[in-house]
Amino acid sequence: CNNFDDSTSDRFIRDTVFNSKYFYHMIHEDYSPEISIVYNDTLFKGAEWFRCSGRFMYPQAPDYFKHMMVLDIPGKLWKGCKIENKINDKLKNFRLEYAKPNKWGYIYFYAKVPRHMKNGDIIKLFVWNFPKTELFIDDLCLELYP
């Protein structure tokens, strides 16, 4: 996981609510800092699913083009999830294009671990800033499930 609790870059902003936490401020760059792990049969111990997650906030309503949280295993798997696909606070008000400005939202998706994985394959999780607009990111995480 990357909780972006760092203060050495101008892209890491202090959370004024918790006063000690930081988050990543994405503006014009194409990609966020990535989580990168190397596949290893022994460490994965038969895991069948990746769980990709993060918390995101827009300072203003998103435009037509959307940011994506991306899981990439070059040559084997590419899965993306639009970050704006949030479920409203009330389940009966499900909307695929729900994104409230200045409100943190938690997004996650699952992807099956490809059967043809080999030791040494690189697994990456990052945010693609396709629209080149502002987004705040926190707690980007890549997990394994049996």
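Leu71 falls short on exactly one of the conditions (1) aliphatic (A, V, I, L, M); (2) open to solvent by less than 30 Å² (accessible area, probe 1.4 Å); (3) at pLDDT below 90, and that condition is (3).
A quick yes/no check of all residues on (1) surrounded by fewer than 17 Cβ atoms within 10 Å (Cβ to Cβ); (2) modelled with pLDDT of 95 or more; (3) not in a loop (DSSP other than H, G, I, E, B):
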residue	(1), (2), (3)
Cys81	no, no, yes
Lys86	no, no, no
Asp89	yes, no, no
Lys92	yes, no, yes
Ala99	no, no, no
Asn102	yes, no, no
Tyr110	yes, no, yes
Ile123	no, yes, yes
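Considering only residues in segment 18-32 that are at pLDDT 85 or above and hydroxyl-bearing (Ser, Thr, Tyr), the one that is nearest to Leu142 (Cα to Cα) turns out to be Ser32.
What residue, among those in segment 45-68 that are on the phi < 0 side of the Ramachandran plot and more than 18 Å from the chain's Cα centre (by Cα), is least open to solvent (accessible area, probe 1.4 Å)? Only one residue fits best here, namely Ala47. Scanning segment 33-65 for residues that are at pLDDT 90 or above and among the polar types (S, T, N, Q) yields Ser36, Asn40, Thr42, Ser53. When the residues of segment 44-77 are narrowed to those that are part of a loop (DSSP other than H, G, I, E, B) and among the small types (Gly, Ala, Ser), which ends up farthest from Tyr110 (Cα to Cα)? Once the filter is applied, the top-ranked residue is Ala61.
The values are calculated or read from the model by the stated rules, or taken from the named source; none is laboratory data. Note that this is a predicted model, so its numbers are computed, not measured. Glycine also receives a Cβ, built like all others from the backbone with ideal geometry; neighbour counts cover every protein chain displayed. Accessible surface areas use protein heavy atoms only, side chains included; no ligands, DNA or RNA. Shrake-Rupley method; radii C 1.70, N 1.55, O 1.52, S 1.80 Å.
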